[in-house]
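A.B. asks: Below: one structure in structure tokens.
The values are calculated or read from the model by the stated rules, or taken from the named source; none is laboratory data. Note that this is a predicted model, so its numbers are computed, not measured. Backbone-built Cβ (ideal geometry, glycine too); neighbour counts: all protein chains shown.
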Amino acid sequence: MTQSYVIIGDGIAGSSAAETLRDEAPDADITVITDEGEALYNRILIKEFAKGKLPEMPISIHEPEWYDDRDIDLRLNTLVTNIDPDGHRLRTHEDEVVEYDKLLVATGGTPTQLPVENSDADGIHHFWTFQDARSIREHAEEADTGIVVGAGLLGIDLAAICGAQDVEAHYLMRGDCWWRYALSTEGAEILHDAMREQGVEPVFQSGVDHFETDDDGHVTAAVDPNGDRYAGDFVGIAIGLNFNTEILQGTGVERDGGILVDEYMQTNVDDIYAAGDITRYHDTILGERAQNGSWDSAKAQGTIAAKNMLDPESEAFRFVSSYSITHFDFPFLSFGHPTIGDDECERKYSDTEWRRLAFKDGKLVGGVLIGDLSPQSAYKKLMREERVVADQKDVLLEKSVDLDELAPTQEQ
């Protein structure tokens, strides 16, 4: 009998799953459902579009014809309202019933709203979809002053957009440096200086108490908890995601800050899988649950989920992800899980070159590279091998990392 596969979400996780299913099951019925109005686009490139550096055309990855050519039923602007695991069917907002043999949930998240007064004012933006990028670009091109909130990997994109669009901005951060969970102040200062060169001033030990608006309801300023006021007619907020798991209510699928899946992307409910940043997956390298929102991780998860939907527990997800930033004159890359660990080491090599490594139980679990990304392959190899190397930090921090110089791991 022909098997039917339904995928909710057409981000890179859902799309890579659909492509893998079609490649390996030519006769299968495949349906992709998304509440967005356009097919898969490059979430990495939309920041360059918002900066005014790219036109729209290179951003799209799949046009609707891509799905037609592969006999994949793509349903845009369609919201799933209910899933019935016992009946192996789901229902859409138009009361249509769609049946499945295997279901993949790859619905991602929605930007978290800042819980302060006037946070929904005109001129305040969240950055997640292509439509968000269009609104941000249009507004930033007209704005003179800006405010950025959220000292993480998405927040710095908004800061770079302000810099590229000549918006004089303040970047309000609650801690003493950008991405304080992964960087020390010494490493972060390299990023701070680069922001200042683009006209974006970091403000530490700050945040937002409330926004001020004009008589038309447009944002005019942010007031931080210290009482300091920062003028801005453009505001970008990136303080995390609320994962779109509401459709799983009543299904019995376990959720805890995301959808819980094993190393095969399988939930606790038969025939329901999940992939992408919405998952809290069993990381076979860490030996515990992890979550990762990078593009490459989501793509790999979608592929692995599809393989296991076709042949259960045939291939485990074992992956070291990375995330790069290309807004400045020097490269930046994080890999693995740089915000966790019980030990760390770092070294500064020049004004624009710095490195930090994080360890847990003696094993390398993640890190950040600024300026020189060449050691990343060696570090990722050590992670995959799960070698105990925290006692050899001097070797790992050499300018050029030679794994042959590491002493063999002692038998436990």
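A.B. asks: From the residues in region 29-70 that are more than 17 Å from the chain's Cα centre (by Cα) and among the aromatic types (Phe, Trp, Tyr), which one is nearest to GLY9 (Cα to Cα)?
C.D. replies: Top of the filtered list is TYR67.
Rundown of residues vs (1) surrounded by fewer than 23 Cβ atoms within 10 Å (Cβ to Cβ); (2) under 20 Å from GLU186 (Cβ atoms); (3) touching a Phe, Trp or Tyr at 6+ places or on another chain (Cβ under 6 Å); (4) hydrophobic (A, V, I, L, M, F, W, C), yes/no style:
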{"site": "TRP354", "(1), (2), (3), (4)": "no, yes, no, yes"}
{"site": "PHE359", "(1), (2), (3), (4)": "yes, yes, no, yes"}
{"site": "GLY362", "(1), (2), (3), (4)": "yes, no, no, no"}
{"site": "SER377", "(1), (2), (3), (4)": "yes, no, no, no"}
{"site": "VAL388", "(1), (2), (3), (4)": "yes, no, no, yes"}
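A.B. asks: Taking VAL395 as the residue in question, decide whether it is in a helix (DSSP H, G or I) and not polar (S, T, N, Q).
C.D. replies: Values: in a helix (DSSP H, G or I): yes; not polar (S, T, N, Q): yes.
The answer is yes for VAL395.
A.B. asks: Out of region 213-246, which residues are crowded, with 18+ Cβ neighbours inside 10 Å, of a type in the set (Gly, Ala, Ser) and assigned to a loop (DSSP other than H, G, I, E, B)?
C.D. replies: Scanning region 213-246 gives GLY232, ALA238.
A.B. asks: Based on what the data block shows, is ASN226 under 29 Å from GLY123 (Cα atoms) and either not assigned by TED's automatic domain parsing to the domain that holds GLY175 or not aliphatic (A, V, I, L, M) (or both)?
C.D. replies: Working: under 29 Å from GLY123 (Cα atoms): yes; either not assigned by TED's automatic domain parsing to the domain that holds GLY175 or not aliphatic (A, V, I, L, M) (or both): yes.
It is true that ASN226 is under 29 Å from GLY123 (Cα atoms) and either not assigned by TED's automatic domain parsing to the domain that holds GLY175 or not aliphatic (A, V, I, L, M) (or both).
A.B. asks: From the list THR279, THR245, THR213, which residue is β-branched (Val, Ile, Thr), more than 30 Å from ASP329 (Cα to Cα) and without any contact (Cβ under 8 Å) to a residue 40 or more places away in the chain? Let's see the steps before the verdict.
C.D. replies: Details: THR245 fails: without any contact (Cβ under 8 Å) to a residue 40 or more places away in the chain; THR213 fails: without any contact (Cβ under 8 Å) to a residue 40 or more places away in the chain.
Result: THR279 is the single residue among THR279, THR245, THR213 that is β-branched (Val, Ile, Thr), more than 30 Å from ASP329 (Cα to Cα) and without any contact (Cβ under 8 Å) to a residue 40 or more places away in the chain.
A.B. asks: Let me ask something else. Starting from residues that are assigned to a strand (DSSP E or B) and within 19 Å of TYR281 (Cα to Cα), keep the ones in region 84-113 and report whichever is nearest to the chain's Cα centre (by Cα). Talk me through it step by step, then tell me what you get.
C.D. replies: The initial filter retains those residues of region 84-113 that are assigned to a strand (DSSP E or B), namely 84, 89-92, 97-99, 102-105, 109-111.
Next, only the ones that are within 19 Å of TYR281 (Cα to Cα) stay: 102-105, 109.
Working: LYS102: 26, LEU103: 23, LEU104: 19, VAL105: 16, GLY109: 10 Å.
Only one residue fits best here, namely GLY109.
A.B. asks: Still on this structure: Has region 56-71 got any residue that is at pLDDT 95 or above, under 30 Å from ALA222 (Cβ atoms) and among the hydroxyl-bearing types (Ser, Thr, Tyr)?
C.D. replies: Scanning region 56-71 turns up no residue that is at pLDDT 95 or above, under 30 Å from ALA222 (Cβ atoms) and among the hydroxyl-bearing types (Ser, Thr, Tyr).
A.B. asks: Hey, does region 47-64 have a residue that's out of contact with any strand residue (DSSP E or B) (no Cβ under 9 Å at 6 or more places or on another chain), buried (at least 20 other Cβ atoms within 10 Å of the Cβ), part of a loop (DSSP other than H, G, I, E, B) and not assigned by TED's automatic domain parsing to the domain that holds THR213?
C.D. replies: Yes, that holds for at least one residue.
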